Amino acid sequence: MEKFTTLHGIAAPLPLINVDTDMIIPKQFLKTIKREGLGVNLFDEMRYDDDGNEIPGFVLNQPAYRDAEILIAGDNFGCGSSREHAPWAIKDFGIRCIVAPSFADIFYNNCFKNGILPIALPQEQVDKLMADAEKGANARMTVDLERQEITTSEGEVIAFEVDAFRKHCLMEGLDDIGLTMEKSAAIDSYESRAAQSRPWV
Amino acid sequence: MTGKTLYDKIWDAHLVDCAEDGTSLLYIDRHLVHEVTSPQAFEGLRMSGRTVRKPGNTIAVPDHNVPTTEGREAGIENEESRIQVEALDRNAREFGIHYYPVSDVRQGIVHIIGPEQGWTLPGMTVVCGDSHTATHGAFGALAHGIGTSEVEHVLATQTLIQTKSKNMKVEITGKLAPGVTAKDITLSVIGHTGTAGGTGYVIEYCGEAIRALSMEGRMTVCNMAIEGGARAGLIAPDETTFAYVRGRPHAPKGAQWEAALAWWKTLQSDEDAHWDKVVTLKGEDIAPVVTWGTSPEDVLPITANVPDPSDFTGGKVGAARRSLDYMGLEPGQKLSDIEIDTVFIGSCTNGRIEDLRAAARILEGKKIKVKRAMVVPGSGLVRAQAEEEGLADIFRQAGFEWRMAGCSMCLAMNPDQLAPGERCAATSNRNFEGRQGRGGRTHLMSPAMAAAAAVTGHLTDVRELMQPQAEPA
Ligand code: SF4
């Protein structure tokens, strides 16, 4: 997995609540058996019209935000299905960090597995970052995972929380499966205990 | 010491390892797999030379992409869908996991066939690369959706890295009024708590109205726990649960059944357990409901009117405006005046035999007034049973298409889709923009309410179509 340490980039404002996984990547793109290549279809139905032309008003189609690496959004981001195609599409587009007042549980988890940092902040602070993002391409923000701080284009510093284990995995680019495999002795012994206590499983 | 909740008990029974910061390794008893969220996981195993740790506890079935028309054995026309289903065929064979191919009469929606075949049992941990895995919580199993990276993780290690959620109790007291069903309960709860109300929690549903539900109804309730933001929904197992499980193909038998039963009977929250959040609704207060917007929290009784965006606060004002615009509705319009083009009865929320019976009861001797109506049984066995009970004939005579099992128009990954602007009364679980087809407009409701809309051509209070109930003696 790609490491995440600090990110200095353009933030795109998406002031919508309940952005669901069908909006992030509509189901017609779930038929792939690969992880790559979904970025062009990120937010497909908001981004393109019926003929496949870009809708100029949509934030990621605006020249200032085409290279956004950070997304600032409304409450309950990523609700809906468990499809990992949603973070895959986000990552493939080039976004590595999402800030919102809250995230749906499975989506939040899926982000960490794909080198994306989701940051939940109180509404007032998200509003501040939203206003900063609306300034356009020159307004670059810095996200420093080590220090757990976001610095706005004006130099204001906002601290954020992140689970220590997830932070560690993200910063080192660690593969969860490899980590768990190191615990195979514990899994073996659990299995032999369970074979006694719950043999019907 | 305070007591434990049901969630605490199942959690503790599956803990393999727990680090100081609370990051835990949880053992997974059952892993259900479908074609959409698994190809990349199997590919990952292959690339790293790993195998499936417990193929005997891993069950695969294609459901999302499969056509639901008869004669589908001939093959899937859409190339990408076909590739995905073929990939599952190949992966199931190569890794030696249980498999129900399209040609098997037991094939169906993964969350329907797990319980049907007795794979889902009380006290288990059950995961699947699908958010509606919450369905299995109806058995008192800790069941939740996972992403594809986690699918790979479970395949390789039979465990999942988790942090524990908080405990939330949703109590539905008293009795439901006639015409009110499990779907109305679960939608009303989401309407009450909002789609993020359960975020960070595992919900346990309890109370008299929940106890009175059949297993089918309980599955409907738990199925939509995810729409309320919760990681999982649970209902403590009881005699209803045991009666459903007994004798299923993969349920324990003989002495093992007795041992299992003894443990299952302990699977209840203790009286003095600690709850981080409690929500109580009165069963008597729940009405038949429908959704008016594009979020499952946009729920109102069928007797209400379309709300005005200015009735809301915060981000919801803009969201409601956007919803009404997408749905083509005006504030103040009576919900029961909304005309319907299409009716869809099916999905893992409401594709079980009891759902088909409830719809058929309303449809008997009537004709549909909508442009099209389809009923898609949740599994081949549900379909067979409905045919045996004569329900299929009632549907056909009313003008419904009688389909083969699959997800169908719930998410429209197969050919069953809405056209732009087409308005659908659906028994599924998501009314998101574009969910049932680009520009399609979805109103969620119970099977009986969907059947009522089918015969009148507009959203309808099912109570108006019901036979008057005999006065209780
Ligand atoms: S029926 Fe719908 S919600 Fe259920 S598994 Fe299929 S697509 Fe998902």
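The values are calculated or read from the model by the stated rules, or taken from the named source; none is laboratory data. Treat the numbers as computed from the prediction; the structure is a model and nothing was measured. Quick reminder, even Gly has a Cβ in these numbers, built from the backbone with ideal geometry, and neighbours come from all protein chains shown. Quick note on the areas: whole protein, heavy atoms, side chains included, nothing else; ligands and nucleic acids left out. Shrake-Rupley method; radii C 1.70, N 1.55, O 1.52, S 1.80 Å.
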Next on the checklist: Among the residues of region B:144-180, what is the count of those that are more than 15 Å from the ligand (Cβ to nearest atom) and under 18 Å from the mean Cα position of the chain (by Cα)?
Outcome noted: 2
Checklist entry - Is there a residue in region B:226-244 that is modelled with pLDDT of 95 or more, under 24 Å from B:Asp461 (Cα atoms) and either touching a strand residue (DSSP E or B) at 6+ places or on another chain (Cβ under 6 Å) or in the same structural domain as B:Ala452 (by TED's automatic domain parsing) (or both)? => result no
Item to check | Filter result (open to solvent by 10 Å² or more (accessible area, probe 1.4 Å) and either within 9 Å of chain A (Cβ to nearest Cβ) or closer than 20 Å to B:Glu116 by Cβ (or both)) within region B:48-68 | outcome: B:Ser48, B:Arg50, B:Arg53, B:Lys54, B:Gly56, B:Asn57, B:His64
Checklist entry - Under 7 Å by Cβ, and 6 or more places apart or on different chains, what pairs join a residue from region B:297-320 that is assigned by TED's automatic domain parsing to the domain that holds B:Lys183 with one that is modelled with pLDDT of 95 or more and crowded, with 17+ Cβ neighbours inside 10 Å? => result none
Checklist outcome for this item: The residue from B:Gly137, B:Gly118 that alone is among the small types (Gly, Ala, Ser) and surrounded by fewer than 24 Cβ atoms within 10 Å (Cβ to Cβ) is B:Gly118
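I'm trying to understand the selection: among the residues of region B:351-366, which are of a type outside the set (Lys, Arg) and touching an Asp or Glu at 6+ places or on another chain (Cβ under 9 Å)?
Listed by number, the residues that qualify are B:Ile353, B:Glu354, B:Asp355, B:Leu356, B:Ala360.
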Checklist entry - Given the conditions (1) open to solvent by less than 10 Å² (accessible area, probe 1.4 Å); (2) of a type outside the set (Gly, Ala, Ser); (3) farther than 18 Å from B:Glu73 by Cα; (4) within 16 Å of the ligand (Cβ to nearest atom), and given that B:Gln417 satisfies all but one, which numbered condition is not satisfied? => result (1)
Checklist entry - Give me the pairs: first residue in region B:7-29 and over 17 Å from B:Leu234 (Cα atoms) and of a type in the set (D, E, K, R), second residue in a loop (DSSP other than H, G, I, E, B) and open to solvent by 40 Å² or more (accessible area, probe 1.4 Å), beta-carbon distance under 7 Å, and six or more apart or on different chains, which are they? => result B:Asp17/A:Lys183
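Search region B:122-146 for residues being among the polar types (S, T, N, Q) and in contact with a helix residue (DSSP H, G or I) (Cβ under 6 Å, 6 or more places away or on another chain), and hand back the single one that is farthest from B:Asp12 (Cα to Cα).
Of everything passing the filter in region B:122-146, B:Ser131 is farthest from B:Asp12 (Cα to Cα).
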Checklist entry - Considering only residues of region A:6-39 that are in contact with a strand residue (DSSP E or B) (Cβ under 8 Å, 6 or more places away or on another chain) and open to solvent by 50 Å² or more (accessible area, probe 1.4 Å), which is farthest from A:Gly173 (Cα to Cα)? => result A:Pro15
Item to check | Residues (of a type outside the set (Val, Ile, Thr), crowded, with 19+ Cβ neighbours inside 10 Å and in contact with a strand residue (DSSP E or B) (Cβ under 6 Å, 6 or more places away or on another chain)) located in region B:91-101 | outcome: B:Ala92, B:Tyr99
Checklist entry - Does region B:167-179 contain any residue that is out of contact with any strand residue (DSSP E or B) (no Cβ under 6 Å at 6 or more places or on another chain) and either among the β-branched types (Val, Ile, Thr) or within 13 Å of chain A (Cβ to nearest Cβ) (or both)? => result no
Checklist entry - Of these, B:Ser428, B:Ser446, which one is within 16 Å of the ligand (Cβ to nearest atom), closer than 28 Å to B:Gly293 by Cα, touching a Cys at 6+ places or on another chain (Cβ under 6 Å) and modelled with pLDDT of 95 or more? => result B:Ser428
Next on the checklist: Just to be sure before I move on: is B:Ala41 more than 28 Å from B:Leu88 (Cβ to Cβ), of a type outside the set (S, T, N, Q) and more than 16 Å from the ligand (Cβ to nearest atom) in the structure I sent?
Outcome noted: no
Checklist outcome for this item: Going through region B:96-143 in order, the residues found to be more than 16 Å from the ligand (Cβ to nearest atom) and in a helix (DSSP H, G or I) are B:Phe139
Next on the checklist: Six or more apart or on different chains, Cβ atoms under 6 Å: show the pairs whose first residue is in region B:185-206 and open to solvent by 10 Å² or more (accessible area, probe 1.4 Å) and whose second is among the β-branched types (Val, Ile, Thr) and part of a loop (DSSP other than H, G, I, E, B).
Outcome noted: B:Ser188/B:Ile286
Checklist entry - Checking B:Ala243 against (1) open to solvent by 60 Å² or more (accessible area, probe 1.4 Å); (2) more than 30 Å from A:Pro199 (Cβ to Cβ); (3) among the aliphatic types (A, V, I, L, M), which single condition isn't satisfied? => result (2)
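Scan region B:51-90 residue by residue and report those that are among the acidic types (Asp, Glu) and either in contact with a helix residue (DSSP H, G or I) (Cβ under 9 Å, 6 or more places away or on another chain) or not in a loop (DSSP other than H, G, I, E, B) (or both). Step through it out loud before you land on a result.
The first filter runs over region B:51-90 and keeps only residues among the acidic types (Asp, Glu), leaving B:63, B:70, B:73, B:77, B:79-80, B:86, B:89.
Answer for region B:51-90, where residues must be among the acidic types (Asp, Glu) and either in contact with a helix residue (DSSP H, G or I) (Cβ under 9 Å, 6 or more places away or on another chain) or not in a loop (DSSP other than H, G, I, E, B) (or both): B:Asp63, B:Glu73, B:Glu79, B:Glu80, B:Glu86, B:Asp89.
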Item to check | Residue count for region B:239-279, restricted to those that are in a loop (DSSP other than H, G, I, E, B), among the hydrophobic types (A, V, I, L, M, F, W, C) and within 20 Å of B:Lys9 (Cα to Cα) | outcome: 2
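Yes/no matrix, rows are residues, columns are (1) without any contact (Cβ under 8 Å) to a residue 40 or more places away in the chain; (2) crowded, with 23+ Cβ neighbours inside 10 Å:
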position: A:Glu45; (1), (2): yes, no
position: A:Phe58; (1), (2): yes, no
position: A:Asp67; (1), (2): no, no
position: A:Cys79; (1), (2): no, yes
position: A:Ile90; (1), (2): no, yes
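If you take the residues of region B:387-414 that are within 15 Å of the ligand (Cβ to nearest atom) and either assigned to a helix (DSSP H, G or I) or at positive phi (or both), which of them is nearest to the other protein chains (Cβ to nearest Cβ)? Walk me through how you get there before you give the answer.
Residues of region B:387-414 within 15 Å of the ligand (Cβ to nearest atom): B:403-414.
Of the ones still in play, those that are also either assigned to a helix (DSSP H, G or I) or at positive phi (or both) are B:406, B:408-410, B:412.
Numbers: B:Gly406: 14, B:Ser408: 13, B:Met409: 12, B:Cys410: 10, B:Ala412: 7 Å.
Looking at residues that are within 15 Å of the ligand (Cβ to nearest atom) and either assigned to a helix (DSSP H, G or I) or at positive phi (or both), I get B:Ala412.
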Next on the checklist: Tell me the residue from B:Leu88, B:Leu32, B:Leu45 that is open to solvent by less than 10 Å² (accessible area, probe 1.4 Å) and touching a Pro at 6+ places or on another chain (Cβ under 6 Å), please.
Outcome noted: B:Leu88
Item to check | First in region A:163-189 and closer than 12 Å to A:Phe112 by Cβ, second anywhere and in a helix (DSSP H, G or I), Cβ under 6 Å, 6 or more apart | outcome: A:Arg166/A:Phe112; A:Asp176/B:His153
Checklist entry - In the set A:Ile158, A:Ile119, A:Ile95, which member is open to solvent by less than 20 Å² (accessible area, probe 1.4 Å), touching a helix residue (DSSP H, G or I) at 6+ places or on another chain (Cβ under 8 Å) and modelled with pLDDT of 95 or more? => result A:Ile158
Item to check | Residue match in region B:314-322 (condition: within 16 Å of the ligand (Cβ to nearest atom), within 12 Å of another protein chain (Cβ to nearest Cβ) and not aliphatic (A, V, I, L, M)) | outcome: no
